[in-house]
Structures are given as C-alpha cells and as structure tokens.
1. To the nearest 0.05, what FRET efficiency results for E:Lys32 and I:Lys32 with a Förster distance of 25 Å applied to their C-beta separation?
2. Given Cα pairs under 8 Å that are at least 6 residues apart, what percent is the relative contact order of chain J?
3. Which order results if I:Ile63, A:Ile49 are arranged by neighbouring Cβ count within 10 Å, fewest first?
4. Is the protein assembly as shown best put as rounded, prolate or oblate by its Cα gyration tensor, with a ≥ b ≥ c the root eigenvalues, rounded for a/c under 1.5, and otherwise prolate when a/b is larger than b/c, oblate when not?
5. Straight-line reach from C:Lys35: which lysines fall under 29 Å, measuring Cα to Cα and dropping same-chain residues less than 8 apart?
6. Once the Cα atoms of helix F:19-33 and of chain F are each reduced to a long axis, what angle between those two axes, in degrees from 0 to 90 to the nearest 10, is obtained?
7. Could you point to the residue in E:Gly47, E:Gln58, E:Tyr6 farthest towards the positive end of region E:1-65's charge dipole, with +1 and -1 charges on the Cβ of Lys/Arg and Asp/Glu respectively?
8. Tell me, A:Ser15, G:Ser33 in order of fewest to most beta-carbon neighbours within 10 Å?
There are 12 protein chains.
Amino acid sequence: MQDNVYKIVEVTGSSTTGIEDAVRKAVAAAAKSLKHLRWFEVGETRGHIEDGAIAHWQVTVKIGFTLEQ
Amino acid sequence: MQDNVYKIVEVTGSSTTGIEDAVRKAVAAAAKSLKHLRWFEVGETRGHIEDGAIAHWQVTVKIGFTLEQ
Amino acid sequence: MQDNVYKIVEVTGSSTTGIEDAVRKAVAAAAKSLKHLRWFEVGETRGHIEDGAIAHWQVTVKIGFTLEQ
Amino acid sequence: MQDNVYKIVEVTGSSTTGIEDAVRKAVAAAAKSLKHLRWFEVGETRGHIEDGAIAHWQVTVKIGFTLEQ
Amino acid sequence: MQDNVYKIVEVTGSSTTGIEDAVRKAVAAAAKSLKHLRWFEVGETRGHIEDGAIAHWQVTVKIGFTLEQ
Amino acid sequence: MQDNVYKIVEVTGSSTTGIEDAVRKAVAAAAKSLKHLRWFEVGETRGHIEDGAIAHWQVTVKIGFTLEQ
Amino acid sequence: MQDNVYKIVEVTGSSTTGIEDAVRKAVAAAAKSLKHLRWFEVGETRGHIEDGAIAHWQVTVKIGFTLEQ
Amino acid sequence: MQDNVYKIVEVTGSSTTGIEDAVRKAVAAAAKSLKHLRWFEVGETRGHIEDGAIAHWQVTVKIGFTLEQ
Amino acid sequence: MQDNVYKIVEVTGSSTTGIEDAVRKAVAAAAKSLKHLRWFEVGETRGHIEDGAIAHWQVTVKIGFTLEQ
Amino acid sequence: MQDNVYKIVEVTGSSTTGIEDAVRKAVAAAAKSLKHLRWFEVGETRGHIEDGAIAHWQVTVKIGFTLEQ
Amino acid sequence: MQDNVYKIVEVTGSSTTGIEDAVRKAVAAAAKSLKHLRWFEVGETRGHIEDGAIAHWQVTVKIGFTLEQ
Amino acid sequence: MQDNVYKIVEVTGSSTTGIEDAVRKAVAAAAKSLKHLRWFEVGETRGHIEDGAIAHWQVTVKIGFTLEQ
C-alpha cells in the first residue's frame, strides 16, 4: 500500500433486499470494468416506496482502485 | 414525477433486529396516516445498549410523499 | 438518565458479514473494558475489497457510557 | 417578529423550467394548506435527465410559518 | 423506548432573553398541539439586532414525539 | 429503476448567463460521451468577476447514468 | 494569479426577481467600495414570503479580491 | 428589508459568565465601529479551562449589517 | 502552549437547568480523573421532554488536556 | 476559462514523505492518462502508522480538467 | 485572553512551493494592514495545474485579531 | 486487518515548523502510551500568531490502534 495511487469512482447500487446487498451490487458492477478494486466507503442511502413499503434501496458507494503504473 | 410537489416528513424507526428493520418500521408508521409515499432517505443511526449488547437500533428517515393537488 | 455524565469512546468494528455485525463487534469490544455502556451512534462505513468482492466491512461507532460518580 | 414561534415544513418543488420556478411551486403548494408563511430556505437541487437534457428540476425548500397562538 | 416510532417536527422559538428561553418556547408551542413529546435537539441559533443590541434570539429545535400506534 | 446500477460523474459547467445555463452545459457535455444519463445533483456554484461584474458562473454537477449490464 | 493574496468578504444580496439577480446585487455592492474583485462563491439562499408568494430572495455570497501589495 | 444588501462580519466574543454574554459582547464590539447592525448567527462555542473549571467562554458570531447605498 | 500535545476526550454533561450548567458538569466530571484540562468545544445540544416541558439538557463537549511528557 | 466544461476526477496519492508530495503524486498519476488538467482541491488526509511512526501519507485530491469540445 | 473580542478575516494565500508557505503568505499579508493578529485556522486548499504539474497552491485561512477597545 | 477492532483517540500535536511535524508529534505522543497504532486521519489545522508571523501550528489527528483481544 506504499506508494500506490488510487482512483476513486462513485457508484449507486440498487437492491430490493437491503443496504448491504445494494453496496455489493455497486462493487460487483464496478468489478466488471475495473481491476484492482481495493476499498469502498458508503455514502448516501435512499430508496423508493411503493404501496407504503420499501421497493428499492439505493446506496451510493465510493470505490478506490489501484492505478496501474 | 413531472410537476409534482412532495412534502417531506422525518420519522425515527426503532427495531431490536437492525437498521433495515428500523427503516421499514418508520416507513410503515408513516404509511398509516399518509398516502402516496414515494421515496425515503436514511439519516442518523443511533441506539441503546443494555448489558453490553445492542438493545435497539433507532434510524431517522426522511420520507417524501406527493401532495394531492 | 437525569444528571448523569457520559463519556464517549470511538471504536471501529470490523466484520466479514455486514454493517450490523461490525457495529455489534465494536460494542462487544468496548464492553470488555468499560461498564455501563448506554448508547451508540453509527459513523462512517468503509471496507476492503478483494478479488472484486467485499472482504470486510469497517464501521466506526461512538459509544456513550456512564461515568461512575 | 418578536415572540413568535415558527413551524418549519420541508417541501420539494418540481419544475420543467428551472430552480426559481421549482421553489415558487413549493411555496405555492405549501400556501394551499398553511397560512402565515414567513420565510424559506433553499436546500438540495436535483433533477431528472431524459434524452441527454434536463427534464425536471427538483428543489427542496424549508418553509417557516407562524403558529397561531 | 423499545419499538416506538417517533415523528420529528422542526420549530423555531423566539425570545428576548436568551437561547434556553427560546428553546423552551419552541417546546411549549409544540406541546399545545402534539402529545407525547420525548426529546429535542438544538439547531441553528440566530437573532435580530436593534440599536446595536440583541433584540430577539431565534433558535431552531427538532422535537421528537411518539406516534400513537 | 429496479435493480439498476448508476455510475456518477462530476462535471463543472460554465456560463456567462447564469446558474441553470451552466448546469445545462454540464449535462450537455456529459451527454456527448455517455449514454443513459438519468439524474443530476447541483453542487458548488462559483464564478469569476471582471470589472466589478460577474463574467462567468461555474456550477459543479453530479450526473448519474445507468451502467449497461 | 501566481503569488497573489486574496481577501474574502461575505455579502448578502437581496432581490425581488431571483437568485442570480441577488448574487449580482451582492457583487455590485461590493464593487462600490472594493477594487480588484476576482471571484465569488454562492452560499445560503433564503428569502421572505408575503401573502403566500416569494417577496424577496436573499443570497449570501463570498467575494474574493486581490490585496494590493 | 426589500432590496438591501448586507455585509457580514465574523466576531468572537469572550465572557467569564456564559454563552449569551459572549454573544452580546461580540455584538456590542461590532456596534462600536459599524452602524445598522441587523442580525446575527451563532457559530462555534469554545473556551478555556483553568484549575478544572471554565475560565472563559468564546463564541463566534456572524453579524449582518446594511450597507449604506 | 508551544510544543505541547493535547489529548481530546468527549463528554456529555446533563443538567435540569440549562446549556451552560450541562457544559460545566461535563468539565467538572472530566476534572475528577484528568489533570491539566486546557480548553473545551461545545458540540451537540439535545435533551428530554416530560409532560410538555424540558426535563434535562444534554450537551456534548470536547475537552483538551495536556499530555504529561 | 470562459465557456469551458470541466470534468472532475478523484485520486488518492500516497507518499512516505508528506502531504504535498502525496498531492503531487496524485496529480502526476492523473497527468499520465488525462490531458488539460487545470486545478485541484485537497480533500481528506489519512495514512498508516508502523512501529509508532507515520509510514505513508494518503491524500485524496479532486482534479479538474477541460473536456475537449 | 480574558474578555477580549476578536474579529476574524478570511484570506487566501498563494504559493508556488506548498501549503505552509501559502498560509504564511496569507498571514503576512494580513499583518500589513492589521495589528494584534492572534490565531489562524486553515480552510480549503486548492490550486492550479499547468503542464501536468502543480503551479500554485491556494490556501484559505481565517485569521483572528484583537479589536482594540 | 480482518476481524480486528480499532479504538480511536484524538490528539492535537503542536509544532513551530509546520503541519506534518505537528502530525508526527501527535503520533509520537500517542505511541508513548499506546501500542499497535495503525492509522491516522488529519482534522482541523489551527495555530497561533505572534508579531505578525506564525508561532505554532496545531493539528488535530484521529489515531486508530488495535485493541488487544
């Protein structure tokens, strides 16, 4: 972790089941196009309500990955 | 979602099991007296400790609903 | 809860399973050396990613306990 | 403005034309059910994009009104 | 305090004498129309100046009360 | 809007006429290289002054778009 | 812009027409007594409501100017 | 309060007795050199401790006054 | 105050009479177990309501003390 | 700087020597893949400790660059 | 430091070498026109990039000085 | 770094030479009484001015260390 440089991307994951699942989906989506993901930081949690119940959770996540040098 | 106006209420839900359950209880309680709930935003998460373990989670949620026009 | 004074400690719990488990581990660790824990407040949620998936969740928690007077 | 008490409501106005119009719609909607509106404070500005252009602006406004005593 | 749900209202109290009196007036005004007030949280403190001296203190307070279930 | 994942980019638009025009330019510039733009959130508004008058408005906007899965 | 030092003043402009006009009035007022204004940054937007409609917009602006050395 | 412009100064008042006295001293000091003070907003409260007791309270206050036009 | 190092503790004081008394109780409690207290900074002010009136004020205070070297 | 649009990337630079070196490494890394870098803004400063001394500084930087139009 | 009142000015210092030099230049510039400077607080750090390297650091500093009474 | 729990202490380091030296002194002071220091996070930077020049830098640092289990 010495002299690395990390780039940070911001991704919003969405889930019908809850916060952690939404975070995992955000990370999984980032992992499809980016290599060397290292850490994440959870931001804002929002979501939609339908018929008086939570329909989706949406969690914004910052994800850091190592730039290849 | 075009030209609607939303009113926002702030509700703290409480749960012995965890964060998402507390959020769901906040939304369910709001749904008892308000119609057309649309979205929520999770705020502060706090709680009480008894005998060295978490007794309740308390999560404050902002909930937006459509004003009937 | 009348005229008590609370001291607050900040602890980061770590878990491979999720946010609430990390909070519970932070509280459990504080309970090993401190008595009369009363409340907690969840702060920053971060974590590490390995091979494109979340390896650990790290949640920082403020924990209040009664000072013995 | 001496010894009044104000209650504050939070409303999100929505407009296809811009920020000020969204704020005005939020105030107008509040004025339908509340009397003695006194001041407002603009919060978060968000919106939706369709076909690469802004479709709606959504502005959250806090509105203070005098409680009748 | 177990499985309750709290609703939060935001009220600005105003006083010619000081901060605590303004908070007390905000709570007293809320108590006229709401039952089961439980807690408060002090926000922004502002006020007006006349002839080089403070004429009124205005303190915004969030007040939580139990929803009757 | 169910199980989508959104990526968020941050863009500063610049305009000689005002805030909304700067936001629209930020969105239009993002739309040149990104598809499926869905929402925006207005951040910091700054600008330059020349000869005692505002020469440019610069508004930073977060823009969310659907990742193609 | 090399080795300059900027002093920052904070000014609230007021307008019956909208946000940008209030910002312009804040800058114009500062330009009456200060030279070498360089940039501005928009802060809090508030205002007054009369008869259920917005009477004035009040926007607080930080304005930077070059100190003459 | 229509089309006025306000300039804002930031002052820290200091008192051996408490918060409101420190705010009043900040306002009184500003009133010595500035006319037309209109409003204040209380910021950070700090202070010094000597021999285990509070020796001074220091409160930072923003004070708005009308620019003479 | 030259080359000292300060450790900071966070304490919540509680009072039936008001904010300053709660801060003083927090400092007094810290002074029982810590020497060389130097400064404090007032954080969040909360409290409990009973029968429509404030029963206790709870103020969180950061307190800095000199580490003995 | 007239009608340009800037895109902002967030990069964490890492250094064994200090804050400015970490910022410079973040900028240098961004300059390898992006042209027309214009400005930066320093965010969070963190780091690792080994054997009671700072091993690395990690500074997160937002970097703005001109989109080619 | 007993019953003094401090006025606070905000100054942005600029330097080609780094953060501390920019802070020192801000303080030195304030010292040219103000007496009795007592303390400073470092705010936002920004800067310009030219040819892929940092050209200037710009650091905003709040500076408190004693009002002569 | 798997299932560890970290405790966080807050320390203000002081230096006549600059920010990094103040951070290093804060870490060194913590290392005298605590083992297993792992990471730090830089907070507020303040300081004192004497005769128009910076006399001391004071930097508040959060320091995390592993609880021995």
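Any read-out appearing in this document is the output of simple, stated calculations on the displayed coordinates, not a laboratory observation. This is a predicted model, so every value here is computed, not measured. Using ideal geometry, Cβ is built from the backbone for each residue, glycine included, and neighbour counts are taken over all protein chains shown.
1. Working: r = 42 Å, r/R0 = 1.67.
Plugging the Cβ-Cβ distance into 1/(1 + (r/R0)^6) gives 0.05.
2. Working: 138 pairs, mean separation 30.5, N = 69.
It comes to 44 percent, rounded to a whole number.
3. Working: I:Ile63 23, A:Ile49 20.
Sorted ascending by nearby Cβ count, the order is A:Ile49, I:Ile63.
4. On the way: a/c = 1.00, a/b = 1.00, b/c = 1.00.
Since a/c stays below 1.5, the shape of the protein assembly as shown is classed as rounded.
5. C:Lys7, C:Lys25, C:Lys62, I:Lys7, I:Lys25, I:Lys32, I:Lys35, I:Lys62, L:Lys7, L:Lys32, L:Lys35, L:Lys62
6. Tilt of helix F:19-33: around 40 degrees.
7. Of the listed residues, the answer is E:Tyr6.
8. Details: A:Ser15 21, G:Ser33 9.
Ascending Cβ contact count within 10 Å gives the list G:Ser33, A:Ser15.
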